[in-house]
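Chemist: Take this structure first; my questions come after.
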Amino acid sequence: MRSVVALLLLVTGGGGAAAAAAQARTAAPAPLGAWTPTPELPGMGRPVDTAAVAARRRALLQRIGRGIALIPASHERDLEKEYIQDNDFRQNNTFFYFTELETQDAWLLLTARGPDSLETVLFLPPRNPGQERWTGLRLGPDSVATRLSGIATVLPVDSLERRLFAARFRVRGPVYVPLDVTTRDERRVIDLVFSGQDVRNLRQLADSLREVKDADELARLRRAVDISVAGHVAAMQAARPGMYEYEIEAVLEAGFRRNGADRVGYPSIVGSGPNSTTLHYDVNRRQTRDGDLVLVDAAAEWGQYTADVTRTWPVNGKFTPRQKAVYDLVLATQQVAFDSVRPGTTMRDLNRVAQTYMREHSAKLCGDQTCDAYFIHGLGHPIGMDVHDVTVPGRQKLEPGMVITLEPGIYLVEEGLGVRIEDDVLVTPTGAEWLSAKAPRTTADIERLMRGGR
Ligand SMILES: [Mn+2]
């Protein structure tokens, strides 16, 4: 029952007394500014960047040439059947990308009859005041929706089938639908209207547009990253030997929420001691002991976009020489990978650079084998609306505007010693920009921060 409209994020301007108070309560630094709420939907909506979504729709239609794209919105999830634990609604990413609307049960229809004949129609369910007592205000097929969405033609959803039949006979070319996320009811409509037509999955086409982030997406990602950093810093500052992993998780996620996170981007990993070597450990029930390393892989989602950040630190605030040696090799490997990021390189190239560096600088650190034998996952992946965002294949050339993670690690199971350092990086025309580096990365910076907190 979340919001209706999402946002144009303006990280400018003052946030008023409430925001100032919230910032004062927050242990973490970095005031995050305020965003402009949508007056028609108090406490729910965020403004849509109507120019950005219109440009994305145009880009899609240009790729289609002649044809139809039909994209259903997500539906409210069922508390009794689906065991939802955060919100009972999150928009599907394809619908969001082309609308930035968080409204449910809607449809978006795009038709292209050639490069100069593009049409967008948004279908919305009628408003229902009785239901809105439960759900809060909803966007309906009226002038408010037209203004907030920037889509001129907004129709009630009961006219959907009629309009689709009209489009079917007017527009030649394939019909693109995100087939992998359509429900049985949606398929019934599509099969009814487009039987015998060339119906294709929209995902590949739509996902390829999402690889390079536009300015609005980058603003959302930066904000998600800043919020995530605030949570990591708060967790480092609060950590003490003897704390349970879930207590650290609580501080971390409080840092996210206090700074406006919509939810976590993925289940928070807080792995101490031996758990630091389990890549996707998210049970978080162990009690930490003096001398443990704690690996925290966690990030916030904001405005539909999520960061992906990992820090590893000693629970008592001081690295042992052994921990520092392993940590510094991971850190140097990450730095070498970062220094190699530039347009035209590939994830496969970066992987090779990282693996080679780690192998050649292992000395006897990891025993008989070189340490790259314990770097058992890929170097990184794109982020965006999905934490493992639309995949840029390993051999595809990186382009400015792509955002990737760099996350080398070494996991020595027998020692119960795992280190991963993960940062989010924007590919720029000349190289790369760290987005998450405000969370301390070097052992000296981590120790300084943790000392200051006690
Ligand atoms: Mn990751």
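Chemist: Among the residues of segment 266-285, which ones are of a type in the set (A, V, I, L, M) and closer than 19 Å to Pro241 by Cα? Give the derivation first.
Modeler: Filtering segment 266-285 for residues of a type in the set (A, V, I, L, M) gives 269-270, 279, 283.
Once the filter is applied, which keeps residues that are of a type in the set (A, V, I, L, M) and closer than 19 Å to Pro241 by Cα, segment 266-285 yields Ile269, Val270, Val283.
Chemist: Let me spell it out: the conditions are (1) farther than 22 Å from Pro47 by Cα; (2) assigned to a helix (DSSP H, G or I), and Ala219 meets all of them except one. Which number is the exception?
Modeler: Here Ala219 meets the rest and fails (1).
Chemist: Go through segment 378-454 and tell me which strands (runs of 3 or more DSSP E), entirely inside it, have 1 or more residues that are outside the structural domain of Val229 (by TED's automatic domain parsing). Even if it seems obvious, please write down each step before you answer.
Modeler: On the way: elements: 403-406, 409-412, 417-420, 423-427, 432-434.
Passing ranges: none, list empty.
Chemist: All but one of (1) crowded, with 19+ Cβ neighbours inside 10 Å; (2) farther than 26 Å from Val48 by Cβ hold for Arg168; state the number of the condition that does not hold.
Modeler: Just one mismatch for Arg168, condition (1).
Chemist: While we're here: Kindly provide the set of residues from segment 93-105 that are closer than 18 Å to Leu164 by Cα and in a loop (DSSP other than H, G, I, E, B), ordered by number. Lay out the reasoning, then the answer.
Modeler: Within segment 93-105, the subset closer than 18 Å to Leu164 by Cα is 95, 105.
Asp105, the sole residue that qualifies.
Chemist: Would you mind stating whether Leu426 is more than 14 Å from the ligand (Cβ to nearest atom) and buried (at least 20 other Cβ atoms within 10 Å of the Cβ)?
Modeler: Values: more than 14 Å from the ligand (Cβ to nearest atom): yes; buried (at least 20 other Cβ atoms within 10 Å of the Cβ): yes.
So Leu426 fits the description; yes.
Chemist: Determine the pairs where a residue that is assigned by TED's automatic domain parsing to the domain that holds Tyr411, located within segment 255-282, has a partner that is open to solvent by 20 Å² or more (accessible area, probe 1.4 Å) and among the hydrophobic types (A, V, I, L, M, F, W, C) with Cβ atoms under 7 Å apart, the partner being 6 or more residues away or on another chain.
Modeler: Final answer for the pair search is Phe256/Val264; Arg258/Ala22; Gly265/Val387; Tyr266/Val387; Thr277/Val413.
Chemist: Please enumerate the residues belonging to segment 175-193 that are of a type outside the set (Ser, Thr, Tyr) and open to solvent by 20 Å² or more (accessible area, probe 1.4 Å).
Modeler: Here is the first cut: in segment 175-193, the ones of a type outside the set (Ser, Thr, Tyr) are 175, 177-181, 184-193.
Within segment 175-193, Leu179, Asp180, Val181, Arg184, Asp185, Arg187, Arg188, Val189, Asp191, Leu192 meet the criteria.
Chemist: While we're here: Go through segment 386-408 and count every residue that is within 10 Å of the ligand (Cβ to nearest atom) and either over 21 Å from Phe96 (Cα atoms) or open to solvent by 20 Å² or more (accessible area, probe 1.4 Å) (or both).
Modeler: Total satisfying the criteria: 5.
Chemist: For segment 106-126, give me each residue that is buried (at least 16 other Cβ atoms within 10 Å of the Cβ) and in a loop (DSSP other than H, G, I, E, B). Reasoning before the result, please.
Modeler: First pass over segment 106-126, keeping only residues buried (at least 16 other Cβ atoms within 10 Å of the Cβ): 106-113, 118-125.
Correct list: Ala106, Pro125.
Chemist: Then there's this: Hey, can you tell me all the residues within segment 363-374 that are within 15 Å of Glu415 (Cβ to Cβ) and not aliphatic (A, V, I, L, M)? Please lay out each step first, then the result.
Modeler: So the first thing to find is which residues in segment 363-374 are within 15 Å of Glu415 (Cβ to Cβ), and the list is 364-369, 371, 373-374.
Within segment 363-374, Lys364, Cys366, Gly367, Asp368, Gln369, Cys371, Tyr374 meet the criteria.
Chemist: Would you mind finding the one in Arg138, Arg162 that is open to solvent by less than 50 Å² (accessible area, probe 1.4 Å), assigned by TED's automatic domain parsing to the domain that holds Thr103 and basic (Lys, Arg)?
Modeler: That would be Arg138, the only listed residue that is open to solvent by less than 50 Å² (accessible area, probe 1.4 Å), assigned by TED's automatic domain parsing to the domain that holds Thr103 and basic (Lys, Arg).
Chemist: Restricting the search to segment 235-268, which residues are assigned to a helix (DSSP H, G or I) and either open to solvent by 10 Å² or more (accessible area, probe 1.4 Å) or among the hydroxyl-bearing types (Ser, Thr, Tyr) (or both)? So that I can check it myself, show each step before the final result.
Modeler: From segment 235-268, those assigned to a helix (DSSP H, G or I) are 235-238, 245-258; that's our starting set.
Hits for segment 235-268 are Gln237, Ala238, Tyr246, Glu247, Glu249, Ala250, Val251, Glu253, Ala254, Arg257, Arg258.
Chemist: Name the helices (runs of 4 or more DSSP H) wholly inside segment 1-92 in which the number of residues that are at pLDDT below 60 is 1 or more.
Modeler: Filter on segment 1-92 gives 16-25.
Chemist: Follow-up. Please work out if Gln323 is surrounded by 15 or more Cβ atoms within 10 Å (Cβ to Cβ) and polar (S, T, N, Q). Give the steps one after another, and end with the answer.
Modeler: Working: surrounded by 15 or more Cβ atoms within 10 Å (Cβ to Cβ): yes; polar (S, T, N, Q): yes.
So Gln323 passes the test.
Chemist: Check whether at least one residue in segment 377-385 is within 22 Å of Ser272 (Cα to Cα), more than 13 Å from the ligand (Cβ to nearest atom) and not acidic (Asp, Glu), and report yes or no.
Modeler: No, every residue in segment 377-385 fails to be within 22 Å of Ser272 (Cα to Cα), more than 13 Å from the ligand (Cβ to nearest atom) and not acidic (Asp, Glu).
Chemist: Before we move on, is Val419 at pLDDT below 95, surrounded by 15 or more Cβ atoms within 10 Å (Cβ to Cβ) and away from the ligand (no atom under 14 Å from the Cβ)? Reasoning before the result, please.
Modeler: Working: at pLDDT below 95: no; surrounded by 15 or more Cβ atoms within 10 Å (Cβ to Cβ): yes; away from the ligand (no atom under 14 Å from the Cβ): yes.
The answer is no for Val419.
Chemist: Residues to consider are Leu202, Leu164, Leu155, Leu110; find the one that is modelled with pLDDT of 95 or more, of a type in the set (A, V, I, L, M, F, W, C) and farther than 28 Å from Asn87 by Cβ.
Modeler: On the way: Leu202 fails: farther than 28 Å from Asn87 by Cβ; Leu155 fails: farther than 28 Å from Asn87 by Cβ; Leu110 fails: farther than 28 Å from Asn87 by Cβ.
Only one candidate qualifies: Leu164.
Chemist: Among what's in segment 350-376 and is among the basic types (Lys, Arg) and more than 15 Å from Ser340 (Cβ to Cβ), pick the residue that is farthest from the ligand (Cβ to nearest atom). Steps first, please.
Modeler: Looking only at segment 350-376, we keep the residues that are among the basic types (Lys, Arg), and these are 352, 359, 364.
Subsequent filtering for residues that are more than 15 Å from Ser340 (Cβ to Cβ) retains 359, 364.
Numbers: Arg359: 22, Lys364: 29 Å.
The qualifying residue farthest from the ligand (Cβ to nearest atom) is Lys364.
Chemist: Can Leu155 be described as closer than 25 Å to Asp191 by Cβ, open to solvent by 10 Å² or more (accessible area, probe 1.4 Å) and assigned to a strand (DSSP E or B)?
Modeler: Numbers: closer than 25 Å to Asp191 by Cβ: yes; open to solvent by 10 Å² or more (accessible area, probe 1.4 Å): yes; assigned to a strand (DSSP E or B): yes.
Yes; evaluated as a whole, the condition is true for this residue.
Chemist: Between Thr306, Thr312, Thr277, Thr346, which is among the β-branched types (Val, Ile, Thr), touching a Gly at 6+ places or on another chain (Cβ under 7 Å) and within 16 Å of the ligand (Cβ to nearest atom)? Before you say what the answer is, go through the steps one by one.
Modeler: Values: Thr312 fails: touching a Gly at 6+ places or on another chain (Cβ under 7 Å); Thr277 fails: within 16 Å of the ligand (Cβ to nearest atom); Thr346 fails: within 16 Å of the ligand (Cβ to nearest atom).
Of Thr306, Thr312, Thr277, Thr346, the one residue that is among the β-branched types (Val, Ile, Thr), touching a Gly at 6+ places or on another chain (Cβ under 7 Å) and within 16 Å of the ligand (Cβ to nearest atom) is Thr306.
Chemist: Looking for whichever is more than 16 Å from the ligand (Cβ to nearest atom), of a type in the set (A, V, I, L, M), within 17 Å of the chain's Cα centre (by Cα) and open to solvent by less than 10 Å² (accessible area, probe 1.4 Å) here; the options are Ala300, Ala230. Which one fits?
Modeler: On the way: Ala300 fails: more than 16 Å from the ligand (Cβ to nearest atom).
Residue meeting the stated conditions: Ala230.
Chemist: Testing Val225 on (1) open to solvent by less than 40 Å² (accessible area, probe 1.4 Å); (2) out of contact with any Leu (no Cβ under 7 Å at 6 or more places or on another chain), one condition comes back false. Which one is that?
Modeler: So Val225 meets the others, but not (2).
The values are calculated or read from the model by the stated rules, or taken from the named source; none is laboratory data. These figures come from a predicted structure and were not determined experimentally. Every residue, glycine among them, receives a Cβ derived from its backbone with ideal geometry; neighbour counts consider all protein chains shown. Just so you know, the surface numbers come from the protein's heavy atoms only, side chains and all, with ligands and any DNA or RNA stripped out. Shrake-Rupley method; radii C 1.70, N 1.55, O 1.52, S 1.80 Å.
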